Amino acid sequence: MSQMIATSGPTVRIVLLILLGFSLLSWAIILQKWAAFRRVRTQMRRFLRAFRKARALPEISAAADSFRPCPLVEVFESGYEEFTRQFTGGGPRNLEAVNRALKAESTEQVTLLERRLGWLATTAGACPFIGLFGTVWGIIDAFHALGTEGAATLRAVAPGIAEALITTAAGLAAAIPALIAYNAYVNQVKEMAARTDEFALEFLNQAESQATAHGARQETALRG
């Protein structure tokens with residue numbers, strides 16, 4: 001294999017270098033995303049357990065930093081900030097504003113989770129065609145050399161075609177891991193997005209309960 005690459009033409013070598021760049025970058029993204037998603041899943045489970053055990057939102061807010069990195073923490077803080085803005089110093093006013101803050105932050109967090117996944121899709125889609133281009137170019141060179149030498153035998157043309165086919169193999173080697181990783185990570189992002197939406201509903205339920213209790217205490221105080 002190394003001998004064939006060494007004897008290949010400049011165009012084939014350039015194509016192989018391009019495919020190597022695609023492959024190295026895609027593998028860096030694959031490994032980085034694997035580690036990041038693993039941490040996020042662990043922190044999401046820990047944060048959800050703590051949130052469901054807590055008796056009040058301020059209790060979770062005080063401990064939120066210990067659960068980073070976690071999209072749910074960012075969603076919680078965005079919703080909690082709007083909640084305190086709406087209900088500090090008075091009765092319940094606008095839970096819909098809290099809901100909008102939760103949805104906006106959820107969208108932002110899903111966008112961050114999807115970051116750099118587009119490169120994997122590009123690698124999976126483009127590398128086979130880049131490799132095919134190198135193969136076609138190499139075959140053209142091989143047949144051109146065959147016509148120039150005038151020796152129309154399989155022995156004369158086979159080495160050039162074999163060298164050209166290396167780029168197709170390299171393109172597939174770069175594209176297949178990127179495609180598998182992209183599909184796997186997209187599914188994980190969808191799962192995390194669904195959990196984020198479910199958490200937003202849980203937050204709203206707890207916020208509504210606390211707002212209702214706050215209003216009841218105010219009404220009791222006024223009657224007293």
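Go through the range 41-124 and tell me which helices (runs of 4 or more DSSP H), entirely inside it, have 2 or more residues that are among the β-branched types (Val, Ile, Thr) and under 16 Å from the mean Cα position of the chain (by Cα). Even if it seems obvious, please write down each step before you answer.
On the way: elements: 57-63, 71-87, 95-113.
Because the criterion is at least 2 residues that are among the β-branched types (Val, Ile, Thr) and under 16 Å from the mean Cα position of the chain (by Cα), the helices (runs of 4 or more DSSP H) in the range 41-124 that meet it are 95-113.
Please name all residue pairs, on different chains or six or more residues apart, with Cβ atoms under 9 Å, provided the first residue is in the range 192-210 and is among the acidic types (Asp, Glu) and the second residue is not in a helix (DSSP H, G or I).
Pairs that qualify, where the first residue is among the acidic types (Asp, Glu) and the partner is not in a helix (DSSP H, G or I), are 208/92.
Please work out which one of (1) of a type in the set (Ser, Thr, Tyr); (2) within 36 Å of the chain's Cα centre (by Cα); (3) modelled with pLDDT under 90 is the condition residue 148 fails and give its number.
Going through (1) of a type in the set (Ser, Thr, Tyr); (2) within 36 Å of the chain's Cα centre (by Cα); (3) modelled with pLDDT under 90 one by one, residue 148 breaks only (2).
Cβ-Cβ distance below 9 Å, separation of 6 or more or different chains: which pairs start in the range 42-65 with a residue that is touching a residue at least 40 places away in the same chain (Cβ under 8 Å) and end on one that is in a loop (DSSP other than H, G, I, E, B)?
Close Cβ pairs satisfying both conditions: 44/70.
Going by the structure shown, is residue 23 among the small types (Gly, Ala, Ser), at pLDDT below 90 and either surrounded by 13 or more Cβ atoms within 10 Å (Cβ to Cβ) or more than 30 Å from residue 163 (Cβ to Cβ) (or both)? Break it down into steps so the answer makes sense when it comes.
Details: among the small types (Gly, Ala, Ser): yes; at pLDDT below 90: no; either surrounded by 13 or more Cβ atoms within 10 Å (Cβ to Cβ) or more than 30 Å from residue 163 (Cβ to Cβ) (or both): yes.
For residue 23, the condition - among the small types (Gly, Ala, Ser), at pLDDT below 90 and either surrounded by 13 or more Cβ atoms within 10 Å (Cβ to Cβ) or more than 30 Å from residue 163 (Cβ to Cβ) (or both) - is not met.
Would you be able to say whether some residue in the range 172-188 is small (Gly, Ala, Ser), at pLDDT 90 or above, within 30 Å of residue 73 (Cα to Cα) and surrounded by fewer than 14 Cβ atoms within 10 Å (Cβ to Cβ)?
No.
Hey, any hits in the range 155-169 for a residue that's under 30 Å from residue 47 (Cβ atoms) and either part of a helix (DSSP H, G or I) or at pLDDT 90 or above (or both)?
Filtering the range 155-169 down to residues under 30 Å from residue 47 (Cβ atoms) leaves none.
Scanning the range 155-169 turns up no residue that is under 30 Å from residue 47 (Cβ atoms) and either part of a helix (DSSP H, G or I) or at pLDDT 90 or above (or both).
Could you tell me how many of the residues in the range 179-208 are closer than 22 Å to residue 39 by Cβ and among the aliphatic types (A, V, I, L, M)?
Of the residues in the range 179-208, 9 are closer than 22 Å to residue 39 by Cβ and among the aliphatic types (A, V, I, L, M).
The values are calculated or read from the model by the stated rules, or taken from the named source; none is laboratory data. Owing to the predicted nature of the structure, the values given are computational and were not obtained by experimental measurement. A quick note on method: Cβ atoms are made from the backbone with ideal geometry, for glycine too, and the neighbour counts reach across all protein chains shown.
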